[in-house]
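Input: a single structure, listed below in structure tokens.
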Amino acid sequence: MMKKNIIKLIMSTIIINYSIQVFFVLSGYKLQGDLLVFSADNNILNMVDPIPQIIVLMAILIGLAVNAVLVTIAIGLYQKFETFDITKMFEVKE
Amino acid sequence: MTELVVLLIVMIIGAVVALEIKDLLSSVVIIGALGLCLSVGFVLLKAPDLAMVQLVVELILMVILIRATVIEDKHDNNKKRENAYFFVVISSLVVFLSAAFFIIRKLPIFGKPIFRISYAYLKDLNINALGSNILASLMLDWRVFDVFGCMIALFVAVICVLLLVKGKRKI
Amino acid sequence: MPEKKNNLNLSYKSKGMSLAVKTVTRLSVGMLLLYGVNMTLHGHMIPGGGFAAGIFIALAFLNLILAFGKDPAKERLNQRRMAIIMGLGLILFLFIGMLGFGKGFFFADFFKNNTGFFSILGGKNIPFYNIAISLQVSSGLLTIFLCLTLLKIKGE
């Protein structure tokens, strides 16, 4: 988060997104649990916790859409200021 | 469990390298490798649906990022900010870690989730009238309002992109 | 006699990547699309569901755009058409939720514990939700991607 380049900032948000997804799925994992698919030899009460997986499934998609919006804003800023550097963006041109 | 630990350590190292490397294109490629590692990790954590979605989302995200990186920037890319920002980052990191230290102690042990909310739902499921994929049937029966909110969020994001682009040039 | 206009301009000579990429793309795009549709219709049986299926369908068209350049995509995929499909998916989802009022409340499951013909759907209305979700997700992602590819940037 200390970089000047705006693409690196977008990448850092992506990495934060990944780490939160891994944390959610890890919190719902059960040792020797079963897959979330029903079959004859699966005990339905000995499964991995489904709620974190449902939340993460939606979080992945929303993360993709938000990152696309961020990249579009970055390209728009480049078209206006001709740089990716966020400190040089709002300087007055001489 | 050892393979999962190795995978997570590789992911942490990869995240640090991706942010510190000088070339922008190679850092995008490392982000892609991180996503693939995450997808393998989801398979190890017994979440095949998530692995499938993550694998494909990663491809689309990489194409979008490469689209932004092919632009040549004239200025130097890899400079850091002044020292004043450094103290802000360090202090926020200290606050975050100390909060995490107290919260993680309250969490249940790894491998034994609390499993109280979904237990109430799974207990009185009618198994005969159920598709095999329990995740989908839970998601679209019990948490269907969440899915609806997710779809609205996606819709709003697409409209944002359309507005941002359409001001510049008509397609 | 006027010359017939070739709508699907997927010849080897069009702009885009090399010949090997084009051949592999033409062979594999149909299978990708078929896999997405299969995953939509069997979303209650196999791992996947509507979200993954929608992204697969979007990926198939994205593959075409990448291999054959911008021009065939511009002819075939109108932005207005994509926006209409996207709105249709969302409205379909809401409509299925509204049908639940017949059973009592919003988003109620009107096929629950059905043992007639509709028990082939797993006894629930999940396949209908899956169709709506895959329509919306695929067209939304394609719209985002088209906007980003067709945008012209000064520096290039």
Query raised in the report: According to the square roots a ≥ b ≥ c of the eigenvalues of the Cα gyration tensor, what is the shape class of segment B:1-62, taking rounded for a/c under 1.5, prolate for a/b larger than b/c otherwise, and oblate for the remainder?
Result: oblate
**Report entry** Between 0 and 90°, nearest 10: helix A:6-27 axis offset from chain A longest Cα axis
**Finding:** 10 degrees
Report task. With a point put 7 Å past each Cα toward its Cβ, work out how far B:Y121 is from B:E3 in nm, to one decimal. Result -> 3.0 nm
Query - For A:M47, residues with placed amide H under 5 Å, excluding near neighbours - result: A:D34
Query - Whole-Hz couplings from phi, Karplus 6.51/-1.76/1.60, listed for segment C:90-100; x for Gly and Pro - result: 5, 5, 4, 4, 5, 5, 5, x, 5, 4, x
Query raised in the report: Hey, what do the phi angles of segment C:35-48 turn into as Karplus ³J(HN,Hα) couplings, whole Hz, using 6.51/-1.76/1.60 and θ = phi - 60°, x for Gly and Pro?
Result: 5, x, 5, 4, 5, 5, 6, 9, x, 8, 10, 10, x, x
**Report entry** Of the trypsin sites (Lys or Arg not before Pro) in segment C:24-106, those whose Cβ has at most 12 other Cβ within 10 Å and which sit in DSSP loop
**Finding:** C:K103
**Report entry** Taking the C-alpha atoms of chain A, convex hull volume expressed per residue in Å³
**Finding:** 98 Å³
Requested in this report: Give the angle, between 0 and 90 degrees and rounded to the nearest 10, that separates the Cα long axis of helix A:50-81 from the longest principal axis of the Cα atoms of chain A.
Outcome: 10 degrees
Report task. Take the Cβ-Cβ distance between B:F96 and C:R81 as r, set R0 to 56 Å, and report the resulting FRET efficiency rounded to the nearest 0.05. Result -> 0.75
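Read-outs: derived from the displayed coordinates by stated rules, not from any lab. Here the structure is a predicted model, which means the values were calculated and not measured. All Cβ positions, glycine included, derive from the backbone under ideal geometry; neighbour counts span all protein chains shown.
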